[in-house]
1. How many nm separate the modelled label positions at Cys40 and Asp56, each set 7 Å beyond the Cα in the direction of the Cβ?
2. What residues have an amide H closer than 5 Å to that of Ala73, excluding those fewer than 5 places away on the same chain, when H is modeled at 1.01 Å from N in the peptide plane?
3. Mind listing the long-range amide H neighbours of Gly41? Cut-off is under 5 Å, sequence gap 5 or more, other chains count too, H placed in the peptide plane at 1.01 Å from N.
Amino acid sequence: VGPIGFRPHSRLVALWLRLGGEPFRWSATDAEVQEMLEHCGWCLLQQVRSECIAQDLDLSVGRELKGENISLAQASPQGAHVS
């Protein structure tokens with residue numbers, strides 16, 4: 001598993017992100033993202049991975065990059081599931 005961040009990772013990328021004020025502070029699995037959204041009253045529609053975007057756009061850079069995902073969600077008609 002290893003530390004949170006992009007895969008493959010580089011110390012230079014981690015340094016660049018930290019200096020730019022964007023250090024990795026947390027990460028979540030697909031299931032954790034869905035659970036968090038549902039808890040907040042949202043419904044997960046789709047999760048898209050960076051390597052899929054790079055492949056769809058025919059970009060050689062980014063195909064092997066893992067860790068930057070996009071989650072598409074909409075407000076759930078039932079509202080928040082607060083426990």
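1. 2.1 nm
2. Close amide H contacts, sequence-distant or interchain: Leu45.
3. His81
FYI, it's all coordinate maths here, none of it is from the lab. Quantities reported herein were computed from a predicted structural model and do not represent experimental measurements. Ideal geometry is used to build each Cβ from the backbone, glycine not excepted, and the neighbour counts take in all protein chains shown.
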